[in-house]
């Protein structure tokens, strides 16, 4: 629970500094969800750090695009800015998580094979049976 609380606080403060209230909400939610997986699931930091960075970048990009599009509207569009930030943060986090997880898994398989004295797996769909 303290991982989630820490993630929400850090994400909220960083989001507030970058994008006022909508940025704080996006940062707090994105960091809280990511932090929920760090502690209890024992996820590798090499996977978590790029996902957090991608989620923050995606959220800021989505939020900024809507802020630019709504700059002529009276009062801006804080709800749309928040929604765009959330959607792009989640999309970026999922996409980066898939790539980083598959890359890490591939490197782990390579290291295990090399340590066992076997030939490391090569590219393609080979099963090792010939």
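The values are calculated or read from the model by the stated rules, or taken from the named source; none is laboratory data. Not measured: the values here are computed from a predicted model. Glycine also receives a Cβ, built like all others from the backbone with ideal geometry; neighbour counts cover every protein chain displayed.
Some notes on this structure:
- Subset tally (residues that are more than 29 Å from residue 102 (Cβ to Cβ) and in a helix (DSSP H, G or I)) for the range 39-82: 10
- Across the range 95-119, the qualifying residues are those that are touching a helix residue (DSSP H, G or I) at 6+ places or on another chain (Cβ under 9 Å) and farther than 30 Å from residue 52 by Cβ, and the one among them that is modelled with the lowest pLDDT is 119.
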